[in-house]
């Protein structure tokens, strides 16, 4: 069985020679002279070196050899790597916007959480590959694009069988005639993607977003479409409402303000709300919208306290400073959402002399690659939630319940976890509790 978590190259910089920006600039200058056929030019060969954090932007690196290089957090925007060898490199978190990888050898490359907006991977080789710590060829590992932003990129005719595109943003991509057999595309956003002539046998598109794509061409393939969102199952449109939504929102706000004596509670169970585009700053306390589709919407500072939102889809939403105190968000999806300063604190209920706090229920919710910096989450229930690669820097996580949560690659720098329960957490290799605030 293939392992998808094993690194394709040594990730310890101490194992590789470190080059400076000036050294790389010199190699680039010689390579561009080589491309132009000028005297003194020399093809760039940077095998198994560490150039992470450096810049190779707006350059022509056609045919260069970067085999086994550590290239994380680089600025490579608008550079041509056409016909280049980038075998078993690590380009995670790098800026690859508008890069040309036409016919490039990207076998075994790790490009996790990178920005590939507008990149061209036409006829690129994205099959498996690997190198050992000594630079020898090893058992091939799949190319890793997990969590990468590939919006508008081209993969026409590319060979990417068994590649991992889990949770990647792949909207409006052109995959015509690409080989994606056995590819892992769970949770990926393929809205508007062109899949004409693509080979998808054995691919896993569990929970993928496929609206606006021509995925129906592959319905008879051996593909896992379980829980995927398509044009056929997206749910009823707000345009189907008998009473206009704005009128219903006003009635709902009256219902809340009158404690249920007037107006009517708004129920949007299962509705597709994307056409609205925004509910920014709307007051929707106690809304009922389980399994509703909000993904991609502007929900900045929306008020959704004590709402029932089980299974709702908030992927790629702007949820900065939104208020979800005391809400039921069990199984909700927040992957790739901006959630800075969001409020998941308990909500106080007062009935006469009786007071009680209702914790926010985020059990089984999915926060993969979400940005939750400075979020307020005291006492939130996060049991069995998927927090992989989410950023909780500076969060208030006091007394939170993380029982059974998946926390591979989760960032907790400067978070306050006083009293939090981390029992049975699935951490993965990158999880760390260092720098957490604690009180004696």
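The values are calculated or read from the model by the stated rules, or taken from the named source; none is laboratory data. These figures come from a predicted structure and were not determined experimentally. Note that each Cβ is placed from the backbone with ideal geometry, even for glycine, and that neighbours are counted across all protein chains shown.
Checking each residue in the range 288-336 for being assigned to a loop (DSSP other than H, G, I, E, B), within 15 Å of the chain's Cα centre (by Cα) and surrounded by fewer than 22 Cβ atoms within 10 Å (Cβ to Cβ) picks out only 296.
Within the range 303-315, work out how many residues are touching a strand residue (DSSP E or B) at 6+ places or on another chain (Cβ under 7 Å) and over 14 Å from residue 334 (Cα atoms).
Start the filter on the range 303-315 by keeping residues that are touching a strand residue (DSSP E or B) at 6+ places or on another chain (Cβ under 7 Å), which leaves 303-306, 308-310, 313-315.
After this cut, where a residue has to be over 14 Å from residue 334 (Cα atoms) as well, the list is 303-306, 308.
Here the count works out to 5.
Residues in the range 353-385 that are under 20 Å from the mean Cα position of the chain (by Cα), buried (at least 22 other Cβ atoms within 10 Å of the Cβ) and part of a loop (DSSP other than H, G, I, E, B): 10 in all.
Within the range 40-55, can one find any residue that is farther than 25 Å from residue 136 by Cβ and assigned to a strand (DSSP E or B)? Among the residues of the range 40-55, at least one is farther than 25 Å from residue 136 by Cβ and assigned to a strand (DSSP E or B), which makes the answer yes. Taking (1) surrounded by fewer than 24 Cβ atoms within 10 Å (Cβ to Cβ); (2) at pLDDT 95 or above; (3) closer than 25 Å to residue 88 by Cα in turn, residue 173 satisfies each apart from (1). Taking the stated definitions as given, is residue 151 in contact with a strand residue (DSSP E or B) (Cβ under 6 Å, 6 or more places away or on another chain), over 26 Å from residue 15 (Cβ atoms) and in the same structural domain as residue 16 (by TED's automatic domain parsing)? In short, yes. Entry remark, the range 184-200: residues being free of Cβ contacts under 8 Å to residues at least 40 places away in the same chain, surrounded by 15 or more Cβ atoms within 10 Å (Cβ to Cβ) and under 18 Å from residue 163 (Cβ atoms) number 10 in total. A single member of 27, 46, 54 is within 14 Å of residue 94 (Cβ to Cβ), modelled with pLDDT of 90 or more and either loosely packed, with under 14 Cβ neighbours inside 10 Å or in contact with a strand residue (DSSP E or B) (Cβ under 9 Å, 6 or more places away or on another chain) (or both), and it is 54. When restricted to residues that are out of contact with any helix residue (DSSP H, G or I) (no Cβ under 9 Å at 6 or more places or on another chain) and assigned to a loop (DSSP other than H, G, I, E, B), the range 261-287 contains 5. Looking at the range 127-138, I want the residues that are more than 9 Å from residue 88 (Cα to Cα) and have a partner that is surrounded by 13 or more Cβ atoms within 10 Å (Cβ to Cβ) and modelled with pLDDT of 80 or more with Cβ atoms under 7 Å, at least 6 apart or on another chain. Which pairs are those? From the range 127-138, the pairs are 127/107; 127/159; 127/161; 135/48; 135/68; 138/130.
If you take the residues in the range 342-352 that are assigned to a strand (DSSP E or B) and at pLDDT below 95, which one is nearest to residue 285 (Cα to Cα)?
Per the stated criteria, the residue is 347.
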